[in-house]
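Every number here is computed from the coordinates shown, using simple stated rules; none is lab data. Everything numeric here is computed off the predicted structure, so don't read it as measured data. Using ideal geometry, Cβ is built from the backbone for each residue, glycine included, and neighbour counts are taken over all protein chains shown.
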Amino acid sequence: MIEISHVDKWYSPTFQVLTDCTTSVAKGEVVVVCGPSGSGKSTLIKCVNALEPFQKGDISIDGIKVNDPKTDLPKLRSRVGMVFQHFELFPHLKIIDNLCLAQEKVLGRAHDKAVTKGMQLLERVGLKEHAQKFPAQLSGGQQQRVAIARALAMDPIAMLFDEPTSALDPEMISEVLDVMVDLAREGMTMMVVTHEMGFARKVANRVIFMDRGEIVEDAAKDDFFGKPRSDRAQKFLSKILSH
Amino acid sequence: MNYNWNWGIFFQPNPMGTGTYLDMLLAGLALTLKTAALAWVIALITGSIVGVMRTLPSKGAYWFGFAYVEFFRNMPLLVQLFLWFFVLPEILPKAAGLWLKQLPNAPFWTAAIGVGLFMSARVAVQLQAGIGSLPRGQKMAATALGLTTVQGYRYVLLPMAFRIILPPLTSEFLNTIKNTAVAITIGLLELTGQARSMQEFSFQVFEAFTAATILYLLVNAVVVTAMRFLERWVAIPGYITGK
């Protein structure tokens, strides 16, 4: 579904953020990307739907090359859901309108159809009664669940999560993770940048460990948690799992 | 001081046979409002376009916006009006220059367009700052949903940016009204111009300019109040600037 091959990215000629990154996410697979801050994991996931440009290598989604200038990027992006660390709901729109905007403007759905779809998804994330509120009236966990519903409203073929729980209070993390676990179990193709190793253990098929812009380890979940091959990943794991 | 106060002067007929001196001032006020309204429309439209250009990734758009703003804000308004009114018709091809000079209401059009362009540079800078103050993730979220750049600005960035800059825009609106007084120098008989002719006809300088002052204050008080209502009307529930 998502093929990443030999991707290099520089912010300036002397500052390389991604070095020869190669991996893939198969249909229905859940891949967790972890690593210390500054390791390039957020940058990599943003390259997947071309929110960030990259200079070398190829990324394709469902066989369509992201870095081909002929690709209709808005159309491709509309088929890939993305959830951000800071939710990024549109503050001037009611919750239901946040869910309808792209359905109507990008997919061309009629307003009542978009509303029906939106309400279904809000019900699914347990926020139906908040449809008429504005984002600022919701808690962080609720906003992130809305953001997931907004992405799902586009009927995506894959979902990208960029540290979806990093900006949340501890007691709100689980309500967001629950939604993500359900999604994973339903067979959604997911690429998730996160430090939530509990989530990785529960639903991930593979875990990718990144450090200094390189993919250091790309292993099946059990191998990764059993005995990571690289020292760097071992150290990282021992630090975040010891608490 | 040997000054002959005469507050009744406003109700005496003016020497032009167009009613009383008060009618003369009110005619000036009407012209001030007309000029300011047109100038503000020009300032808002061109200022918004240029302000958006200054935030686009395109280098060309950025440099055009930069040059535009620096051209219009770095020259005194008075010089700009002289430039459009006295210089432009001379440097244009003969036929075009002649057409300009013979244009009916030339001082009005020159003042409205001149003040409008001068103010548009200021609107542009503020809109640029407003867009720049939005979290970077807002644009990313719009893009990730498949919205095009135009749609992203139209539905996501601009509605928030304009809300944020509404208070300083109020000041710019007031400045636009006040700046039309400069048009007296190219022969526009707006409020300041009429107050001066009243002084010249009647020698009641204090009464004339007291009346003009009060009229300017009243108009601006109305604008300030209206903008307050607008701010309250577009405020977002739960958002910092809302209530």
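Taking 0.36 nm per residue of separation and subtracting the current Cα-Cα distance, fully stretching the chain between B:LEU33 and B:TYR3 would add 7.6 nm.
Counting helices only, and only those DSSP H runs with n ≥ 4, report the 222 nm mean residue ellipticity of chain A as the sum of -39,500 (n - 2.57) divided by its residues, in deg cm²/dmol to the nearest 500.
My calculation for chain A gives -11000 deg cm²/dmol from helical runs alone.
Across peptide B:148-160, the average count of Cβ atoms from other chains found within 10 Å of a residue's Cβ is 3.
Near A:VAL83, the amide H atoms lying under 5 Å from its own belong to A:LEU160, A:PHE161, A:ASP162; only residues 5 or more places off or on other chains count, and H is placed 1.01 Å from N.
Separation of region A:210-228 from region B:191-243 is 68 Å, based on Cα centroids. If you run the Gaussian network model on chain A, springs between alpha carbon atoms under 10 Å, then out of A:GLY141, A:GLY126, A:GLY226 the most flexible one is A:GLY226.
Hydrophobic long helices, here whole DSSP H runs in chain B with Kyte-Doolittle means of at least 0.5 and Cα atoms spread over 20 Å or more along the helix axis, are found at B:21-53, B:106-132, B:205-234. Per-residue Karplus couplings for region B:3-19, computed as 6.51 cos²θ - 1.76 cosθ + 1.60 with θ equal to phi - 60°, are listed in order as 10, 9, 5, 8, 6, x, 4, 4, 9, 8, x, 7, x, 8, x, 10, x Hz, Gly and Pro entered as x.
For the residues of A:70-81, the average number of beta carbons from a partner chain within 10 Å of their own beta carbon is 3.
For A:LEU18, the amide hydrogen comes within under 5 Å of the amide hydrogens of A:LYS9, counting only partners 5 or more places away or on other chains and with H modelled in the peptide plane. Near B:GLY137, once Lys and Arg are set to +1 and Asp and Glu to -1 for all other residues with Cβ below 12 Å from its Cβ, the sum equals 0. Per-residue 3J(HN,Hα) values for region A:66-73, derived from phi via the Karplus relation 6.51 cos²θ - 1.76 cosθ + 1.60 with θ = phi - 60°, read 5, 9, 8, x, 7, 5, 7, 4 Hz in sequence order (x marks Gly and Pro). Placing dummy labels 7 Å off each Cα toward the beta-carbon, the span from A:ALA136 to A:ASP182 is 2.9 nm.
Remark: mean inter-chain Cβ contacts per residue of A:83-90 equal 5, using a 10 Å Cβ-Cβ cutoff to other protein chain atoms. Summing Lys and Arg as +1 and Asp and Glu as -1 over all other residues whose Cβ lies under 13 Å from the Cβ of B:VAL52 gives a net charge of +3. Highest-first packing order for the peptide set A:68-80, B:133-145 is B:133-145, A:68-80, based on the mean count of other beta carbon atoms within 10 Å.
Annotation: the antiparallel percentage among DSSP beta bridges lying fully within chain A is about 55. Could you tell me the distance between the Cα centroids of region B:161-182 and region B:129-150, to the nearest Å? Centre-to-centre (Cα) distance: 26 Å.
Ignoring lysines fewer than eight residues from A:LYS41 along the same chain, the ones with Cα atoms less than 19 angstrom from its Cα are A:LYS9, A:LYS56, A:LYS221, A:LYS235, A:LYS239. Positive-end ranking of A:GLN103, A:LEU122, A:THR71 along the dipole of region A:63-123, with charges on Cβ about the Cα centre, is headed by A:THR71.
Counted by Cβ distance under 15 Å from B:ALA195, the other residues give a net charge of -2, where Lys and Arg count +1 and Asp and Glu count -1. Between region A:33-105 and region B:26-75, the alpha-carbon centres lie 34 Å apart. Modelled spin-label separation between B:TRP63 and A:ARG124, with each label point placed 7 Å from Cα along the Cα-to-Cβ direction: 4.8 nm. Dipole size of the protein assembly as shown about its Cα centre, with +1 on Lys/Arg Cβ and -1 on Asp/Glu Cβ: approximately 280 debye, rounded to the nearest 20. Amide H contacts of A:THR189: A:GLY28, A:MET159, each under 5 Å away and 5 or more positions distant or on a separate chain (H built 1.01 Å from N in the peptide plane; Pro and chain starts excluded).
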